[in-house]
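Reviewing the structure listed below.
The values are calculated or read from the model by the stated rules, or taken from the named source; none is laboratory data. All figures in this text were calculated on a predicted structure; none of them were measured in a lab. Please note: Cβ atoms are built from the backbone with ideal geometry, for glycine as well, and neighbour counts cover all protein chains shown. Keep in mind that these areas ignore ligands, DNA and RNA; they rest on the heavy atoms of the full protein, side chains included. Shrake-Rupley method; radii C 1.70, N 1.55, O 1.52, S 1.80 Å.
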Amino acid sequence: MRRIFYIIALGGLALLLSACSDFVDNMLPDRLMNPGGVVTSGQSVGQTFVAQHDGLKGIQVLMTRQEGDVTGPVVLHLRQDTTAQADLRTASISNPDLVEGQYIDFSFTPLDLAQGNYYYFFIETPSAQADESIELAFGAAESYLDGAAYVDSHPQEAQLCFRLVYDGVPIVRGLLGSIAQVLPSATLILLWLLLPGAALLLWFGKAIEFDWLSWPITAMAISLSLSPILLLLFWLVKVRFGPVMLWVILVLSLAAVGWYAWRRRSSLQLKRLSLKLGQDYSTNIALFVIVGFVLGVRLLVVRTLPAPLWGDSYHHSMIAQLFVDNGGVFNSWEPFASLYSFTYHFGFHSNVAVLHWLTGVEVPQAVLWTGQILNGLAVLALYPLAVFVIGSKEGGLGAILLAGLLSPMPMFYVNWGRYTQLAGQVLLPSAMLLTWACLKAERTDWRLGLLNSIVVGGLALTHYRVLIFYVVFVVVLVVVMFPQVFRRIGLLRLAALAGGAAVIFLPWFAYIYGGKIMATFTRQLGTMPAQTSGFQTEYNALGDLSTYMAPVWWLLFPIGAGIGLWQRRKPIVVIALWSFFMFLVANPSLVSLPGTGAVNNFAIFIAAYIPASLTIGLLVHTIVSRLPQWQWARLSIAALVIVVGLLGARGRMADLKPAPHALLTWPDMRAMDWIQHNTPASANFLVNSFFAYQGSVIVGSDGGWWLPLSAHRASTLPPLTYATELGPRPDYVSWINALTTQLQDKGIDNPDVLAMLLDRGITHVYIGQQQGRVNYGGPHVLEPEVLLSSPHFRPVYHQDRVWVFEIVY
């Protein structure tokens, strides 16, 4: 045991020693190098940026050419922003020995509290002669999100090639300080995740044996399923939900846990939780470290993002904000959008609202943090199921190592904001496990059945398609276990489980029945293969499978399933068949059945980490069980797992790709603040949009989509849900789409388009930092040059790459 502590201590010492060295953040790679920024005695060149860490101590800029013999000083000024007059830091090279094609290094006293702050630096040569200058490299304008290059304080459509240098000690100190700062909020979140589920699991889950990790993970899944159920219940009785009710539930949950412990104080040995480390302490330590890596990497990568990424995150944030404002389920989307029904699944949004009520974090950030917590829990939720299916902790460790650190999914979900499916996939493994346990039990246990109904009911409210994943699993499970199920009257138990979940979901189903979502789903189910459109076929294409998992894991996936078949493990047979039939559900045309589009291949394959991790976990268990069981061997395996996990965590850090996925950036946030203070509340903005989903709807392509939420100003672009919810007029979808159609066909300066803008009360135009290019490479974006050349548009704001124009009719 002491060896483990020595290893951990040495690792911590190595980390501290490495923190003493400088860290250079390469903001722009050299391959984007272009000439352009000429620094003379009368002209300066600069750049705005956002610091990613504390301890900013230097800036390096790439020089491409030198004219004349620059003998005077080259000076860098660091300021708070482009309008500030005072320097925060200066750095001067008195007798520069400049080398073309290399970085000029400006060092200064570290800024300890720099992380997340917006800065501007510019470079000048105040005493240079008329024929002396240096030329700095410009990169592509879209290559950096958080600022722009400047010439004489005027923003350019370019970025400087620059690097930021940080002192390692403040970076570590800042990270530790951030952890300390969020500890109170993290404690409240942990209480919510654990207490309600723990109370139910203690009182109703006695039939299942859990180890020390499976128990809290299952409790968290139960708590997450309770959030939408509670909000639905309060909506039915027309009572607002909020912080007070939340604390009442927490106190009642704590009382239930305390009462359970008090009643069993004489015999409460927690044997069912297997809390003692025993001989497998090396596995437990490896589990503890890997769990830390899985959660830590997901929270670390998003700490400086201003908002969640991509289009889905926008309507998730709006729905969650409306949940907060209305105290639960709502009908009207005012004041953010002219929509007057709500039929979307809302398990994720209810948990975002809970996090906001507990911590006070603003809703967009609550969406981001809730999503990343769920991203980690979607991995950890596999552990109890893996232990149940495989029968060993080593198998569960292999499952979470693969899904959490060695596979891009589900980590990559952060780029899409696909948090609703992710929330469903947190509940899915627990629903599978509890159903399995109910059917295998020798005697009917109504308490366990009630627990299962709660989780399945919460799953139904959380994500409609993931509910289909569960239904397919249950069908496969019953078929494989039919003799056993039939002998134990399992079908009656299954009917009772379904009935309990139906009671929970039925009020919401009755509410959404007949709505556009149900109509679309019914139409998709009835679509025969011959009637499938070309767009649907293309949309359902498999794509590059290595996007979802590395080729080696696709290879080991069937090998693990084959080992399970060879060992006659029925649980692995169930998982393998479930995977196969899920593929058929997404591709019913392969067996000449209708339903293409109801569940698509993309939704299936981004969830392929679930069955793959279980079958590969069996492979890990098989290998480990055949190795010598000596203590040194188990310690070596645990150390190897930790090293592999550390390398995997480093790879997962690279999965965050904000450049192609971020709509709302830091320069957009600054513009939103300016808009709130400098435009009337009645201002209405034209924003960048393009047609998606076979031209059926328009979606946003830069930060302008966020105006209603972030600047509290109306825009021409509602959330994506406008296609499935009720608008203020019967032709609302076509009415919304008509403006984008006219803009694309005729151009913004056309008299007909200007008349339409006037008729709709549009007063301003917003062009975001991404300038309409997020997920869109086609023509017809709002171009500043076109608006500047027209007498109908007057620029009133231009910072970085963000423009605001006032329309002159």
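Points worth noting:
- Within the option set THR763, THR724, being open to solvent by 20 Å² or more (accessible area, probe 1.4 Å) and within 30 Å of THR82 (Cβ to Cβ) holds for one residue only, THR763.
- Only listed residue being open to solvent by 30 Å² or more (accessible area, probe 1.4 Å), under 17 Å from LEU542 (Cβ atoms), in contact (Cβ under 8 Å) with a residue 12 or more places away in the chain and of a type in the set (Ser, Thr, Tyr), chosen from SER589, SER579: SER589
- Scanning region 108-126 finds no residues that are without any contact (Cβ under 8 Å) to a residue 12 or more places away in the chain and either open to solvent by less than 20 Å² (accessible area, probe 1.4 Å) or acidic (Asp, Glu) (or both).
- Near pairs, Cβ below 7 angstrom, 6+ apart or cross-chain, from region 357-371 (surrounded by fewer than 22 Cβ atoms within 10 Å (Cβ to Cβ)) to any residue that is among the polar types (S, T, N, Q) and at pLDDT 95 or above: none
- Residue within region 730-737 that is among the aromatic types (Phe, Trp, Tyr) and buried (at least 20 other Cβ atoms within 10 Å of the Cβ) present: no
- Test: residue in region 690-703 that is open to solvent by 10 Å² or more (accessible area, probe 1.4 Å), over 29 Å from the mean Cα position of the chain (by Cα) and either at negative phi or among the hydroxyl-bearing types (Ser, Thr, Tyr) (or both): no
- Given (1) modelled with pLDDT of 85 or more; (2) open to solvent by 30 Å² or more (accessible area, probe 1.4 Å), index of the condition PRO228 fails: (2)
- Residue among GLU157, GLU135 that alone is closer than 12 Å to THR40 by Cα and out of contact with any Phe, Trp or Tyr (no Cβ under 6 Å at 6 or more places or on another chain): GLU135
- Top-ranked residue in region 293-311 [being open to solvent by 40 Å² or more (accessible area, probe 1.4 Å) and assigned to a helix (DSSP H, G or I); ranked as farthest from LEU402 (Cα to Cα)]: TRP310
- Residue match in region 63-70 (condition: closer than 30 Å to PRO170 by Cα, under 42 Å from the mean Cα position of the chain (by Cα) and touching a residue at least 12 places away in the same chain (Cβ under 8 Å)): yes
- Residue tally, condition touching a helix residue (DSSP H, G or I) at 6+ places or on another chain (Cβ under 7 Å), open to solvent by 50 Å² or more (accessible area, probe 1.4 Å) and closer than 23 Å to TRP310 by Cβ, over region 766-800: 2
- Selection status of PRO779, without any contact (Cβ under 8 Å) to a residue 40 or more places away in the chain and either at positive phi or in a loop (DSSP other than H, G, I, E, B) (or both): yes
- Any chance MET411 is buried (at least 24 other Cβ atoms within 10 Å of the Cβ) and not in a helix (DSSP H, G or I): yes
- Failed item, numbered, when GLN629 is tested on (1) farther than 24 Å from LEU754 by Cβ; (2) touching a residue at least 12 places away in the same chain (Cβ under 8 Å); (3) of a type outside the set (Phe, Trp, Tyr); (4) open to solvent by 30 Å² or more (accessible area, probe 1.4 Å): (2)
- Subset of region 333-353 (residues that are open to solvent by 20 Å² or more (accessible area, probe 1.4 Å) and not in a loop (DSSP other than H, G, I, E, B)): none
- Condition broken by LYS238, with the remaining ones in (1) free of Cβ contacts under 8 Å to residues at least 40 places away in the same chain; (2) outside any helix (DSSP H, G or I); (3) under 28 Å from the mean Cα position of the chain (by Cα) satisfied: (3)
- Residue check for MET672: without any contact (Cβ under 8 Å) to a residue 40 or more places away in the chain, in contact with a Leu (Cβ under 9 Å, 6 or more places away or on another chain) and either surrounded by fewer than 19 Cβ atoms within 10 Å (Cβ to Cβ) or within 30 Å of TYR120 (Cα to Cα) (or both): yes
- Filtered by the rule that a residue be among the β-branched types (Val, Ile, Thr) and either free of Cβ contacts under 8 Å to residues at least 24 places away in the same chain or under 22 Å from LEU300 (Cα atoms) (or both), region 632-669 gives VAL641, ILE642, VAL643, VAL644, THR665.
- Qualifying positions in region 750-759 - open to solvent by less than 50 Å² (accessible area, probe 1.4 Å) and either part of a helix (DSSP H, G or I) or modelled with pLDDT of 95 or more (or both): VAL753, LEU754, MET756, LEU757
- If you go through region 396-408 and keep only what is over 15 Å from ILE285 (Cα atoms), in a helix (DSSP H, G or I) and open to solvent by less than 10 Å² (accessible area, probe 1.4 Å), you end up with ALA399, LEU402, ALA403, GLY404, LEU405.
- One residue alone among ARG670, ARG729 is among the basic types (Lys, Arg) and not in a loop (DSSP other than H, G, I, E, B), and that residue is ARG670.
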